[in-house]
Amino acid sequence: MNIGVIGAGYVGLVTALGLSKIGHNVINYERDIFKLKKISDKDPIINEKGLKELLKKKINKSYFITNNLDDLKKCEVLFVAVNTPHTKKGIYLGNVIDCLKKIKTKLPKDKKKIIVIKSTVTPGTLVKKIKPMYKNFKNVEFVSNPEFLREGTALDDFLNPDRIIIGTEDKFSKRKLKNIYKKYKSKIIITNETEAEMSKYFS
């Protein structure tokens with residue numbers, strides 16, 4: 001499957017390379033030129049066991065990195081994995097909102113697309129803030145698919161999760177996400193969007 005991952009930070013790069021390892025063709029979008037150059041030179045920047053070796057093996061084969069959003073047009077599913085830092089006022093959602101505004105300008109209105117939120121967000125974000133932004137895009141479905149990665153074992157956690165949570169009430173999206181993770185033996189838990197967000201937020 002052709003999959004796009006937006007963000008090549010801690011969660012984004014691990015997700016992109018992990019999806020590449022299990023057989024998907026992944027295009028990783030990163031706007032930071034420094035990160036883009038480092039990763040293009042086979043330096044993942046972050047120190048995670050097995051990540052550098054996987055990057056060297058997959059880059060320009062089933063993993064590609066770009067700073068051109070147009071390269072994501074052929075992707076059936078887009079994973080959003082941009083940084084949502086914690087502040088005194090709570091989780092900062094500005095990066096996710098800005099990212100989704102940019103994606104919207106590139107999406108056709110005649111092809112089915114699934115946007116998967118990997119970033120940590122406050123419960124209710126998808127239903128109350130994100131979906132209303134796309135009210136005129138009847139072809140776009142949203143899924144909350146939180147990550148549970150630990151520093152030092154992030155790649156192993158992605159490839160061998162104890163559970164996979166898929167938050168959506170859309171049947172098409174459920175099938176697509178299950179297909180993405182079909183090689184995993186771990187339990188898949190289906191919830192609605194807010195319940196999925198809550199599971200990460202409280203973990």
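What does the helix-only formula give at 222 nm for the chain: each DSSP H stretch with n ≥ 4 adding -39500 (n - 2.57), the total divided by the residues, and the result rounded to the nearest 500 deg cm²/dmol?
-9000 deg cm²/dmol
Using +1 at the C-beta of Lys and Arg and -1 at the C-beta of Asp and Glu, which of 79, 95, 60 has the Cα lying farthest in the positive direction of the dipole of segment 1-98?
Of the options given, the answer is 60.
Please identify every one of the trypsin sites (Lys or Arg not before Pro) in segment 1-94 that sits in a loop by DSSP and has no more than 12 other beta carbons within 10 Å of its own beta carbon.
Filter output for segment 1-94: 49, 61, 74, 88, 89.
Can you give the charge dipole size of segment 1-135 about its Cα centre, rounded to the nearest 20 debye, using +1 on the beta carbon of Lys and Arg and -1 on the beta carbon of Asp and Glu?
Details: 29 positive and 11 negative charges, 80 e Å.
Here the size comes out at about 380 debye.
At q = 0.14, 0.30 Å⁻¹, what log₁₀ I(q)/I(0) does a Debye calculation on the Cα points of segment 54-98 give, no solvent, two decimals?
Rounded to two decimals, the profile gives -0.54, -1.12.
Taking all protein chains in place and a 1.4 Å probe, what share, in percent, of the accessible surface of the chain do carbon and sulfur account for?
Carbon and sulfur: 49 percent of the exposed surface of the chain.
Can you tell me the mean projection area, over all orientations, of the convex hull of segment 76-154's alpha carbons? Units nm², please.
With the hull built on Cα positions only, its mean projection is 5.9 nm².
Where only protein heavy atoms count, and the probe is 1.4 Å, what is the accessible area per residue for segment 36-134 in Å²?
Per residue, segment 36-134 has 55 Å² of solvent-accessible surface.
Over all pairs of distinct alpha carbons, what does the Kirkwood formula give as the hydrodynamic radius of the chain, in Å?
With all distinct Cα pairs of the chain included, I get 16.9 Å.
Counting other Cβ atoms within 10 Å, which chymotrypsin sites (Phe, Trp or Tyr not before Pro) in segment 110-145 have at most 16 and lie in a DSSP loop?
Working: sites: 134, 137, 142; in loops: 137.
Listed in order of number, the matching sites are 137.
Dipole of segment 1-61, Cα-centred, from +1 at each Lys and Arg C-beta and -1 at each Asp and Glu C-beta, to the nearest 20 debye?
The calculated dipole for segment 1-61 is roughly 200 debye.
Determine the relative contact order of the chain: mean sequence separation of Cα pairs under 8 Å and six or more apart, normalised by residue count, in whole percent.
Relative contact order for the chain comes out at 20 percent.
Tell me the accessible surface of residue 70 in square angstrom (1.4 angstrom probe, heavy atoms of protein chains only), to the nearest ten.
Approximately 60 Å² of residue 70 is accessible to the 1.4 Å probe.
Is the shape of segment 23-134 best called rounded, prolate or oblate, per the rule: a/c under 1.5 gives rounded, else a/b larger than b/c gives prolate, else oblate, with a ≥ b ≥ c the square roots of the Cα gyration tensor eigenvalues?
Oblate, because a/c is 1.5 or more while a/b does not exceed b/c.
Apply the a/c threshold of 1.5 to the C-alpha gyration tensor of segment 23-77 and tell me whether it is rounded, prolate or oblate.
oblate
The values are calculated or read from the model by the stated rules, or taken from the named source; none is laboratory data. The model shown is predicted, which means the values in this text are computed figures rather than measured ones. Note that each Cβ is placed from the backbone with ideal geometry, even for glycine, and that neighbours are counted across all protein chains shown. Quick note on the areas: whole protein, heavy atoms, side chains included, nothing else; ligands and nucleic acids left out. Shrake-Rupley method; radii C 1.70, N 1.55, O 1.52, S 1.80 Å.
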